[in-house]
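See below for the structure under consideration.
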Amino acid sequence: MRNRALSLEEARLRRLLVLVAAILVVFVGRLLWFQFIDAPRLNALSFEKRAVTETVPALRGDIVDSHGNVLATTVYSYDVNVDPSMVSAFERKNSQGFKVQISVAQAAKEIAYVTKADLTEITKKLVGTSRYANLVKEVDGATSRRLEKLGIPWLFLQSKPHRVYPNGALAGNLLGFMGSDGNPLEGLELAENKCLAGVDGKETYEKGEDGIKIPASRQVSVQPKAGGTLVLSLNSDLQFYAQQVMAKYVRNEKADWGSAVIVEAKTGKMLAAAEYPSVDPNNPLATNSVDRRSRIFQALFEPGSTLKTVTAATAIDQGKATPESHVIATQNAFVTKQHLEISDSHSHPAQKLTLTGVLRDSSNTGIIQIGAKVPLATRYQYWLKFGLGSRTAVNFPGEGSGIVHTPADTDGLTSYTSMFGQGMSVTPVQTAFLYQTIANNGVRLSPKLLLGCRNADNTVTPIEKTISPTRVVSPATARSTIDMLEKVVEQGPIGRTAAIPGYRLAGKSGTAQLKDGKSYGRLFAISFIGMAPADDPKYVLAVTIYRPRTVSNSLGATPPFKTIMQQVLRTYRIPPSTTKSANIATEWK
Amino acid sequence: MSAAPSMRSMPARSQLRSPGLTVMQAVRSMPRAAHNPRLFIFTSVLIGLVLIALGNLLLSIATSEGVYKVASLKNEQMHLEMNTQILGQEVSSLSSDQNLSSAAQVLGMVTNTNPVFLDVTAQSVQGKPAAALAGGINISGNLVANSVMTSKTSAKDLRAAVASQERKATMTVLGSPVKLPSVVSGTKTSASTRNTGSAPTGYVGGGQIGGSQVSLPNSIPASPTH
């Protein structure tokens with residue numbers, strides 16, 4: 001009996017052992033499953049919960065002038081945020097080291113004072129149970145430092161890249177500006193975003209409950225790549241001066257706008273492209289929307305008499321005229337079978353003028369007699385070669401190409417009025433390069449505003465399309481044209497007011513009528529375009545003032561021209577001329 | 001020589017096996033763990049584990065401290081970077097064309113419309129010298145907006161700095177070594193006094209006006225370099 005009971009007990013024990021072994025096998029199996037077979041999936045799941053992936057923003061590149069002066073750069077600004085659920089009174093040590101109680105109202109006053117924000121708005125945002133509220137956006141570093149010193153425990157500062165233009169509205173219309181979301185909206189910021197924008201990096205790490213990275217935790221980092229530096233051809237000092245001058249005269253003359261383009265004649269580099277009104281890209285909303293863009297590249301207007309220079313150069317280049325070709329310039333002239341009349345802007349008896357005299361007096365009736373010797377189709381080809389009717393290689397956002405009608409689309413009257421700049425449209429930069437062509441021995445260069453994109457390794461990548469120089473007129477024609485334009489400044493009733501004592505200057509005024517509805521109105525686009533020194537032109541300056549209300553002719557454009565050109569000559573140390581202008585007759589008997 | 005005594009003290013194997021000898025005494029004197037290999041292994045493993053745990057703990061503490069140190073250094077780096085940014089923006093503001101133009105006007109500087117050049121090669125003067133006059137082409141005030149020009153050169157400090165330089169130049173010409181008051185530098189945001197011993201130096205908007213005075217051989221002070 002006893003043996004039997006023992007064997008029964010042994011059997012039970014064995015069964016229990018088998019059961020335990022089976023359970024053990026299950027557990028071990030499950031363990032192996034977790035440890036080996038399902039481990040990758042579980043690890044990934046676990047990593048996802050612990051890991052934090054952050055974008056490391058790439059800093060946007062600077063925009064600099066030709067001397068490296070920074071016109072646009074990127075710094076960090078700070079959003080001032082708060083956790084309303086944590087807002088309460090707190091203690092702070094005063095200057096004597098004693099703890100003082102700071103109420104919420106007091107803290108709100110301090111925040112409003114430091115950030116110059118509205119106290120009511122701040123106070124409203126401090127109330128609530130939410131975990132996040134933004135009090136102020138984009139305060140600068142100094143303000144954020146003052147906020148930190150307040151020691152408010154429920155105040156948090158979040159940094160983010162912020163675009164700053166240290167010189168304000170200097171070249172603002174060219175630079176453009178950024179939106180509040182950090183995307184470029186206008187100007188070169190928009191057009192050259194490919195150069196300026198960097199590539200954001202990524203950082204993935206594991207962090208503990210206290211927010212600090214777990215040591216040796218897996219990190220997957222993509223290094224951010226900073227944007228390139230956009231190098232402009234501008235001289236920022238000259239740009240500032242030109243903007244000051246244009247602001248003064250546009251205001252005085254109660255004009256809509258004004259522009260001044262300074263070009264280095266032999267290279268095509270734009271040294272300044274000043275306009276007024278101008279936009280401060282730091283605060284574009286302070287400027288009317290129509291004034292935030294660059295009229296130098298975008299505004300279209302009839303050039304008026306500044307185009308007579310092109311007509312004269314064309315006639316000389318075609319061998320149809322010389323600087324001393326004779327015309328009898330009457331007050332009025334009937335030029336078409338339809339008996340349409342062309343008149344000079346000023347009253348005068350019939351004058352015996354040479355072509356030089358025609359330019360000096362800006363005679364419409366005189367220039368059409370010379371220009372008509374060249375077929376319209378040929379003149380049209382010259383316009384195209386001078387760069388009219390096409391955008392420049394700068395390819396500025398929204399740049400206008402201007403309008404020049406083909407001979408087939410030109411009516412009888414326009415075939416004549418186009419000789420003195422009516423019936424076509426140009427941009428200010430195009431007018432400057434008409435004269436750059438003359439100043440550069442008859443070779444038109446492409447405007448050069450963007451010298452390139454400088455990369456991190458200091459290599460410079462060209463941006464603008466390389467356009468071969470265009471021979472428009474012969475060097476002899478160009479020289480003859482300059483000689484004629486010198487007489488405009490020496491003897492012309494308007495041109496004389498642009499003269500700079502001691503220097504030889506060549507230039508031409510323009511007083512273009514502006515369409516007001518279907519007919520021409522009473523306001524004008526006045527301009528003066530010239531070059532200096534005339535014996536070997538180095539700089540070209542084109543000044544345009546649109547719709548001035550206190551002057552009705554180019555006498556409003558010569559003072560800013562003279563002032564800016566004097567500054568150009570001083571800046572580049574151009575000594576006074578030591579030679580005299582060519583001896584050319586302006587009248588005949 | 002030294003081997004002989006040990007040879008003598010070593011008991012013979014046959015003697016150890018003899019039941020008459022008190023062999024047990026020697027066994028008792030041996031460590032228990034050495035006697036029991038299992039216990040020895042267990043103890044060694046245990047001590048090893050404790051040592052590993054301790055090492056791990058120390059390493060963990062050291063690493064944790066390192067992480068906090070790194071975090072602290074990163075905070076300090078951010079703090080310094082912010083300082084750099086703040087100062088950089090102040091410098092940008094002070095060196096902006098708008099501020100420089102205003103400062104020049106405060107000093108009464110005007111544009112001369114009659115530039116004159118000295119041609120060293122030809123030893124001639126080009127241009128007609130004439131005094132620069134106020135008005136005319138000179139533009140008063142800033143007409144180019146700049147909303148980030150937060151730091152401006154203090155007109156008061158600027159005038160004080162110039163006056164100090166003038167006094168210093170005058171006194172140097174007269175040959176009277178007079179100790180001069182230090183010049184207060186100046187910006188609205190960061191006015192500070194700098195006094196470098198016996199040679200006071202004026203700073204305007206970060207730019208050194210005076211520095212050490214350079215005298216020409218005839219004791220006439222050279223004009224301060226701006």
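Residues in segment A:15-55 that are modelled with pLDDT of 90 or more, basic (K, R) and loosely packed, with under 11 Cβ neighbours inside 10 Å: A:R15, A:R41. The strands (runs of 3 or more DSSP E) found entirely in segment A:121-213 that carry 3 or more residues being more than 14 Å from every other protein chain (Cβ to nearest Cβ) are A:133-139, A:201-206.
If we scan segment A:77-97, do we find a residue that is in a strand (DSSP E or B) and within 14 Å of chain B (Cβ to nearest Cβ)? Yes, segment A:77-97 contains a residue that is in a strand (DSSP E or B) and within 14 Å of chain B (Cβ to nearest Cβ). In summary, A:D118 fulfils each of the numbered conditions (1) acidic (D, E); (2) surrounded by 13 or more Cβ atoms within 10 Å (Cβ to Cβ); (3) farther than 22 Å from B:E81 by Cβ with the single exception of condition (2).
Is there a residue in segment A:510-530 that is within 14 Å of chain B (Cβ to nearest Cβ), hydrophobic (A, V, I, L, M, F, W, C) and either in a helix (DSSP H, G or I) or crowded, with 24+ Cβ neighbours inside 10 Å (or both)? Looking through segment A:510-530, none of the residues is within 14 Å of chain B (Cβ to nearest Cβ), hydrophobic (A, V, I, L, M, F, W, C) and either in a helix (DSSP H, G or I) or crowded, with 24+ Cβ neighbours inside 10 Å (or both). Filtering segment B:17-55 to residues that are at pLDDT 55 or above and either charged (D, E, K, R) or on the phi > 0 side of the Ramachandran plot (or both) leaves B:R32, B:R38.
The condition of being crowded, with 24+ Cβ neighbours inside 10 Å, in contact with a Pro (Cβ under 9 Å, 6 or more places away or on another chain) and not charged (D, E, K, R) holds for only one of A:I482, A:I494, that being A:I482. If you take the residues of segment B:104-125 that are in a loop (DSSP other than H, G, I, E, B) and of a type in the set (S, T, N, Q), which of them is nearest to A:Q566 (Cα to Cα)? The qualifying residue nearest to A:Q566 (Cα to Cα) is B:T113.
Say whether the condition of being in contact with a Pro (Cβ under 9 Å, 6 or more places away or on another chain) and farther than 30 Å from A:G61 by Cβ is met by at least one residue in segment A:444-462. Yes, segment A:444-462 contains at least one residue that is in contact with a Pro (Cβ under 9 Å, 6 or more places away or on another chain) and farther than 30 Å from A:G61 by Cβ.
Looking across segment A:539-589, the residues that are β-branched (V, I, T), over 25 Å from the mean Cα position of the chain (by Cα) and more than 12 Å from chain B (Cβ to nearest Cβ) come down to A:T550, A:V551, A:T558, A:T579, A:I584, A:T586. The listed residues are A:A105, A:A58, and the only one of them that is surrounded by fewer than 14 Cβ atoms within 10 Å (Cβ to Cβ) and not in a strand (DSSP E or B) turns out to be A:A105. Of the residues in segment A:372-421, how many are in contact with a helix residue (DSSP H, G or I) (Cβ under 9 Å, 6 or more places away or on another chain) and aliphatic (A, V, I, L, M)? The qualifying residues number 8.
Checking each residue in segment B:122-166 for being under 26 Å from B:Q89 (Cβ atoms), more than 9 Å from chain A (Cβ to nearest Cβ), buried (at least 17 other Cβ atoms within 10 Å of the Cβ) and out of contact with any helix residue (DSSP H, G or I) (no Cβ under 6 Å at 6 or more places or on another chain) picks out B:S154, B:D157, B:A160, B:A161. When the criteria are applied in full, A:N193 meets the requirement of being within 30 Å of A:A242 (Cα to Cα) and free of Cβ contacts under 8 Å to residues at least 24 places away in the same chain. What is the number of the single condition among (1) surrounded by 24 or more Cβ atoms within 10 Å (Cβ to Cβ); (2) within 14 Å of chain B (Cβ to nearest Cβ) that A:A321 does not meet? Of (1) surrounded by 24 or more Cβ atoms within 10 Å (Cβ to Cβ); (2) within 14 Å of chain B (Cβ to nearest Cβ), only one is false for A:A321: (2). Here A:A542 qualifies as of a type in the set (A, V, I, L, M, F, W, C), touching a helix residue (DSSP H, G or I) at 6+ places or on another chain (Cβ under 6 Å) and not in a loop (DSSP other than H, G, I, E, B).
Taking the criterion of being under 28 Å from A:L445 (Cβ atoms) and surrounded by fewer than 24 Cβ atoms within 10 Å (Cβ to Cβ), the only residue of segment A:540-561 that qualifies is A:Y546.
Among the residues making up segment B:69-103, those that are within 12 Å of chain A (Cβ to nearest Cβ), among the aliphatic types (A, V, I, L, M) and crowded, with 16+ Cβ neighbours inside 10 Å are B:M82, B:I86, B:L94, B:L100. Would you be able to say whether some residue in segment A:374-387 is at pLDDT 95 or above, within 30 Å of A:L175 (Cα to Cα), out of contact with any Asp or Glu (no Cβ under 7 Å at 6 or more places or on another chain) and not hydrophobic (A, V, I, L, M, F, W, C)? Within segment A:374-387, one or more residues are at pLDDT 95 or above, within 30 Å of A:L175 (Cα to Cα), out of contact with any Asp or Glu (no Cβ under 7 Å at 6 or more places or on another chain) and not hydrophobic (A, V, I, L, M, F, W, C). Pairs are defined by a Cβ separation below 6 Å, a sequence spacing of at least 6 or placement on different chains, a first member in segment A:280-292 that is facing chain B (nearest Cβ under 10 Å), and a second member that is not aromatic (F, W, Y) and not in a loop (DSSP other than H, G, I, E, B); the pairs so defined are A:D280/A:G172; A:P281/A:G172; A:P281/A:L175.
The values are calculated or read from the model by the stated rules, or taken from the named source; none is laboratory data. Everything numeric in this text was worked out from a predicted model, so none of it was measured. Using ideal geometry, Cβ is built from the backbone for each residue, glycine included, and neighbour counts are taken over all protein chains shown.
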